[in-house]
1. If R₀ is 30 angstrom, what is the calculated FRET efficiency for the pair residue 281 and residue 66, using the beta carbon separation as r and rounding to 0.05?
2. If you average the sequence gap of Cα pairs under 8 Å that are 6 or more apart and divide by the length of the chain, what percent do you get for the contact order?
3. For Cα extents along the principal axes in Å, the listed values are (i) 56, 44, 37; (ii) 86, 58, 29; (iii) 78, 53, 32; which was obtained by calculation from the structure presented?
4. Can you sort 124, 161 by how many other beta carbons sit within 10 Å, fewest first?
5. Return the Rg/Rh ratio of the stretch 82-241 with Cα-based radii and a Kirkwood Rh.
6. Based on the mean of other Cβ atoms within 10 Å per residue, sort peptides 93-106, 135-148 so the most packed one is first.
7. Could you give the nm distance between label points at residue 23 and residue 79, where each point is 7 Å from its Cα heading toward the beta carbon?
8. On a 0 to 90° scale, report how tilted helix 211-232 is relative to the longest principal axis of the chain, with both axes built from alpha carbons and the result rounded to the nearest 10.
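Coordinate-derived values only; no laboratory data. Quantities reported herein were computed from a predicted structural model and do not represent experimental measurements. As a convention, Cβ positions derive from the backbone with ideal geometry for all residues, glycine included, and neighbour counts pool all protein chains shown.
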């Protein structure tokens with residue numbers, strides 16, 4: 001249902017936008033006969049409803065047509081760009097999880113202190129900053145002033161750090177506050193007092209029991225966050241000239257390359273649905289109570 005909705009929305013949106021794809025492909029010097037012949041070849045002269053059902057059939061066969069800008073299959077062009085986007089998203093997730101858990105644990109262990117308030121304020125400031133501004137500032141500091149990291153993609157691991165940090169930083173504080181709240185709630189549970197009464201050390205109770213139970217709501221949000229990184233890293237990819245599906249999508253929308261736009265959005269939708277499914281599986285693994293309720 002979600003995939004069908006995405007296909008329908010993309011189909012309608014692309015065809016109500018102003019502009020003629022035939023004119024973009026052939027240029028302003030094309031004759032009316034040439035434009036008409038290309039529209040017929042692309043099926044744009046048929047009624048909209050006929051185009052829609054024909055397009056649904058093509059999508060079911062994973063046939064998105066040819067890309068007039070990229071050359072070759074639109075799906076192949078999309079999958080070729082998916083790898084860099086996944087790499088960027090995975091590294092952004094790693095930075096978010098590591099920094100967010102460190103910040104949240106640090107704040108929870110010092111709840112009510114100045115350090116706790118500093119973490120909370122920093123997290124709110126980080127969430128308020130727009131990603132494109134963060135990207136520009138990181139590029140200015142580390143690429144221009146310090147000259148220790150490249151500002152654009154050059155095929156090295158170093159070129160991945162700045163865009164990944166740009167994606168991650170607005171969510172580090174958000175995850176830190178989520179972890180902090182979860183830890184403080186779990187620390188007040190009866191099982192913690194019972195474990196301490198049995199002689200377990202504070203460190204064992206914290207790392208073995210409290211943190212595991214804190215992961216349950218966190219994993220749910222991380223799955224959605226990974227989908228966000230894949231689907232909404234467009235600005236970051238443009239700022240750092242990252243060769244992912246985000247920059248491909250922007251170029252394809254600009255030049256009305258219907259086939260690639262639809263292929264990109266369908267691939268992103270499938271990735272998002274798959275991530276949600278994996279989150280549900282992990283959720284039931286981390287919280288055995290869910291398995292008991294379904295039994």
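1. Once rounded, the FRET efficiency stands at 0.20.
2. 26 percent
3. (ii)
4. Fewest-to-most ranking of 124, 161: 124, 161.
5. Rg/Rh for the stretch 82-241 comes to 1.06.
6. 93-106, 135-148
7. 3.6 nm
8. 20 degrees
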